[in-house]
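To start, the structure itself, in structure tokens.
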Amino acid sequence: MKNLTIKILTICVLLFGAFNSINAQVTLEHVYDFHNKQFWVTDIGNNDYKYVIVDTTGFSLYNLDHSPFLVNFVPPIPVYQAPNYYQISYITKSLFDCDSTNIEYVISATNHIGNFYIYRTDGTLIFERDTVKGPYCFGCGAGSIWSQPIFNTPNGAKLTLFNYNLITGEDSSLYVYSLCGTLPASMSEISIGNNYVEVFPNPTNGIINFQISQPNNQEKFKLTIYNSSFQKIDESNINEKKYQLDLKQKSLSAGTYLFDLRTDNKVYQTGKFIITK
């Protein structure tokens, strides 16, 4: 019995040592202030990886050792602020103008009503187009396609944008541009178009239903409805999976309407529906 007790104690000590060894491999490196911010890791070119932190004023870049690379940079256009809620993406060195002495970045609206800008951090405006958006889709083509606004081809990197007709409420033209550089293979800051909101019936002339799957259960979500001029006509806090909009109570005219699902600092999905009379 004594020998058995010694063996059991020996096994426990070995197991305890093994678990301690496993836990010791996870080491805290750094802590960032992350209140109302977005975070990702990106390759700005030639395997030069940076931590990216975006807030309502601009963005900051940190090296992999967490030392500052570019801190509290304020772009010329406000981000995550009404009415267009612009966002930052595609932070690179030489994708758009082949000048690796400056950081380049895209500012684009999170909805259809907005412009697409490419700036350098020295203030130079490289490109601008009104009322356009870069297409994105994850799972198109029967699940076979991941579509992004910028992609590499054997003929170089391409930028695709489509414009939105405010009068008809439809996408009317798709533009394809050639770019100077190459999109880093690890570029990952472009949002994937998850379908969190289903709208039915669409078109409708009565009550329209919104079936909502909240992206997470840690934030408070709002569903906001706009007319084709992007004027807010309804906004509701989302506490359940279903939301109904009675068109007769709102006295809405026929036409195309927009909606978005958002939190205070991020837009998760945009879409549109049509009212008929």
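At-a-glance table
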| item | result |
| --- | --- |
| Test result for residue 63, out of contact with any Gly (no Cβ under 6 Å at 6 or more places or on another chain) and open to solvent by less than 50 Å² (accessible area, probe 1.4 Å) | yes |
| 3 or more residues without any contact (Cβ under 8 Å) to a residue 60 or more places away in the chain: qualifying strands (runs of 3 or more DSSP E) within segment 236-277 | 242-246 |
| Residue list for segment 255-277, restricted to those being hydrophobic (A, V, I, L, M, F, W, C) and open to solvent by 60 Å² or more (accessible area, probe 1.4 Å) | 274 |
| Selected residue (criterion: nearest to residue 86 (Cα to Cα)) from residues of segment 40-50 that are in contact with a strand residue (DSSP E or B) (Cβ under 9 Å, 6 or more places away or on another chain) and open to solvent by 40 Å² or more (accessible area, probe 1.4 Å) | 41 |
| Near pairs, Cβ below 6 angstrom, 6+ apart or cross-chain, from segment 91-109 (more than 13 Å from residue 61 (Cα to Cα) and open to solvent by less than 10 Å² (accessible area, probe 1.4 Å)) to any residue that is assigned to a strand (DSSP E or B) and not aromatic (Phe, Trp, Tyr) | 106/89; 106/118 |
| Some residue of segment 62-80 being modelled with pLDDT under 90 and in a strand (DSSP E or B) | yes |
| Matching option when the condition is under 25 Å from residue 34 (Cβ atoms), open to solvent by less than 70 Å² (accessible area, probe 1.4 Å), out of contact with any helix residue (DSSP H, G or I) (no Cβ under 7 Å at 6 or more places or on another chain) and among the hydrophobic types (A, V, I, L, M, F, W, C), among 238, 225 | 238 |
| Tabulated pairs, segment 132-156, first surrounded by fewer than 14 Cβ atoms within 10 Å (Cβ to Cβ), second modelled with pLDDT under 80 and not in a strand (DSSP E or B), C-beta under 6 angstrom, 6+ apart or interchain | 137/193 |
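The values are calculated or read from the model by the stated rules, or taken from the named source; none is laboratory data. Just so you know, these numbers come straight off a predicted model, no measurement behind them. Glycine gets a Cβ as well: all are built from the backbone with ideal geometry, and neighbour counts include every protein chain shown. SASA here: full protein model, heavy atoms, side chains in, ligands and nucleic acids out. Shrake-Rupley method; radii C 1.70, N 1.55, O 1.52, S 1.80 Å.
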